[in-house]
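The values are calculated or read from the model by the stated rules, or taken from the named source; none is laboratory data. No experiment lies behind these values; they were computed from the predicted model shown. Methodologically, a virtual Cβ is constructed for each residue, glycine included, from the backbone with ideal geometry; neighbour enumeration extends over all protein chains shown.
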Amino acid sequence: MNNNIIAPENLVYQKSSLVKDNVMHYCPGCNHGTVHRMIAEVIEEMGMQDNTLCACPVGCAVFLYKYIDVDTVESAHGRAPAIATAMKRLHPDKLVFTYQGDGDLSAIGAGETLHACNRGENIAIIFINNAIYGMTGGQMSPSTLEGMKTSTCPYGRDVALNGYPMKIANVLAELEGTCYVTRQSVHTAAAVRKTKKAIRKAFENSMAGKGTSIVEIVAACNAGWKMSPHEAHLWLEENMFPFYQLGDIKDK
Amino acid sequence: MAKVKGAVEVDVNRCKGCELCVFACPSKVLALSQSVNDKGYAYAYMKQPELCIGCASCAYMCPDGCIKVYKIKE
Ligand SMILES: Cc1ncc(C[n+]2csc(CCOP(=O)(O)OP(=O)(O)O)c2C)c(N)n1
Ligand code: SF4
Ligand code: SF4
């Protein structure tokens, strides 16, 4: 029966042709891959493959340039918004975006991020907030939740000692230079579709010169959280969403 | 009324067995295999193919883009 369904004329969905065929190094079930796929789909649908420049981060997504078939520059840790600033100013006709984790964007790169947003650079920032430094072994990041255990706060984040979890997207929304700040997720198929729409809007803003757009994706790092991918999504719903509430924070 | 029928094709050796598609499927079509692929992972397959509606939820969830979705109206 399935044999007559599986035919080229009946194909309704497959990975974007901009997602390369090499196997991504991410842990099984990692949300980075899902977001990469949506970025690739948006670029393909906008017909911008040859006119996109990505500033890649340091973090698990450091090899993004191997997976999405667009021109990329590998930034020093946290410096992607500075690289993207230069690229967009020199090539205003290009679609320019950064891809950054919470360690990259809100810890070492907090300065670059704040000032790029404050200057209103016409770039899109795709921000994967998994509340942890995934790549280096699950250390606490600025967005680690209160009480959340990581390798550098094994008894849970203590705000008296470590400070409060930072809602950096809300801070960035306060800056004049940002035009669109939204918080999304990719833990269900419906959420993945919404994230794709948000990425599209951010990319269109970059092209329209409206200012800086930030798409935060509240994501799971199942390996760092020491859970199965599905359990990590349940944990995300229960613990991350009450603090990092989903939805548009700013849209002007 | 036309009946919608779907089917999926999994790139077996690309699959890492994360199981997100299995949980995403509204019709409980998918399961992980007993055998393993070249990388040593159990991979997703259609355990109950007749139930597939071609909604693509599984493929949207797959981090690695391993799933192709097909759909027909009968
Ligand atoms: C200048 C510098 N300092 C520190 C590091 C070590 N380092 C590599 S990745 C990383 C944190 C990445 O965390 P995040 O941005 O949250 O991304 P994730 O891996 O979770 O996707 C750190 C501190 C580095 N590579 N360069
Ligand atoms: S360590 Fe976490 S963020 Fe990095 S690839 Fe694994 S699951 Fe993804
Ligand atoms: S296309 Fe929909 S019904 Fe078919 S296997 Fe995927 S999730 Fe299940």
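One residue is enough: does segment A:1-18 have a residue meeting the conditions away from ligand 1 (no atom under 16 Å from the Cβ), modelled with pLDDT under 95, assigned to a helix (DSSP H, G or I) and more than 7 Å from every other protein chain (Cβ to nearest Cβ)?
Taking every residue of segment A:1-18 in turn, at least one turns out to be away from ligand 1 (no atom under 16 Å from the Cβ), modelled with pLDDT under 95, assigned to a helix (DSSP H, G or I) and more than 7 Å from every other protein chain (Cβ to nearest Cβ).
Scan segment A:77-85 and give yes if some residue there is away from ligand 1 (no atom under 16 Å from the Cβ), without any contact (Cβ under 8 Å) to a residue 40 or more places away in the chain and of a type in the set (D, E, K, R), otherwise no.
No, segment A:77-85 contains no residue that is away from ligand 1 (no atom under 16 Å from the Cβ), without any contact (Cβ under 8 Å) to a residue 40 or more places away in the chain and of a type in the set (D, E, K, R).
Sort through A:Val19, A:Val42, A:Val62, A:Val73 and tell me the only one that's without any contact (Cβ under 8 Å) to a residue 24 or more places away in the chain and of a type outside the set (Gly, Ala, Ser).
Matching residue, one of A:Val19, A:Val42, A:Val62, A:Val73: A:Val73.
Mind counting the residues in segment B:1-26 that are away from ligand 2 (no atom under 16 Å from the Cβ), surrounded by 15 or more Cβ atoms within 10 Å (Cβ to Cβ) and closer than 16 Å to A:Ala189 by Cα?
6
What are the residue pairs meeting all of these: first residue in segment B:18-32, first residue at the interface with chain A (Cβ under 7 Å from one of its Cβ atoms) and farther than 17 Å from A:Met24 by Cα, second residue of a type in the set (Ser, Thr, Tyr) and more than 16 Å from ligand 2 (Cβ to nearest atom), Cβ atoms under 6 Å, and 6 or more apart or on different chains?
B:Ala24/B:Ser57
Mind checking which residues of segment A:168-189 are within 14 Å of another protein chain (Cβ to nearest Cβ) and of a type in the set (Ser, Thr, Tyr)?
Answer for segment A:168-189, where residues must be within 14 Å of another protein chain (Cβ to nearest Cβ) and of a type in the set (Ser, Thr, Tyr): A:Ser185, A:Thr188.
Do any residues in segment A:153-165 that are at positive phi have Cβ atoms under 6 Å from those of residues that are at pLDDT 95 or above, where the two are at least six apart or on different chains, and which pairs are they?
Matching pairs, first to second residue: A:Gly156/A:Gly147; A:Gly156/A:Lys149.
Could you check A:Val192 against (1) surrounded by 24 or more Cβ atoms within 10 Å (Cβ to Cβ); (2) within 14 Å of another protein chain (Cβ to nearest Cβ); (3) more than 16 Å from ligand 3 (Cβ to nearest atom); (4) closer than 12 Å to A:Met38 by Cβ and say which number it fails?
(3) is the only condition that A:Val192 fails.
Can you tell me which residue is farthest from the other protein chains (Cβ to nearest Cβ) among those in segment A:117-128 that are within 16 Å of ligand 2 (Cβ to nearest atom) and in contact with a Phe, Trp or Tyr (Cβ under 8 Å, 6 or more places away or on another chain)?
Ranking the qualifying residues of segment A:117-128, first place goes to A:Ile126.
Kindly indicate the residue of segment A:195-235 that is more than 14 Å from chain B (Cβ to nearest Cβ), surrounded by fewer than 24 Cβ atoms within 10 Å (Cβ to Cβ) and among the charged types (D, E, K, R) and also farthest from ligand 3 (Cβ to nearest atom) among those meeting that condition.
A:Lys210
Name the residue, out of B:Tyr41, B:Tyr70, that is within 9 Å of chain A (Cβ to nearest Cβ), crowded, with 18+ Cβ neighbours inside 10 Å and closer than 20 Å to A:Leu11 by Cβ.
After applying the criteria, what remains is B:Tyr70.
This table checks each residue for (1) more than 23 Å from A:Asn222 (Cα to Cα); (2) in a helix (DSSP H, G or I); (3) β-branched (Val, Ile, Thr).
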site	(1), (2), (3)
B:Lys16	no, no, no
B:Phe23	no, yes, no
B:Gly40	no, no, no
B:Ala44	no, no, no
B:Ile53	yes, no, yes
B:Tyr60	no, yes, no
B:Gly65	no, no, no
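How many residues are within 17 Å of A:Phe203 (Cβ to Cβ) and either of a type in the set (Gly, Ala, Ser) or crowded, with 24+ Cβ neighbours inside 10 Å (or both) if we restrict to segment A:71-87?
Total meeting the criteria: 3.
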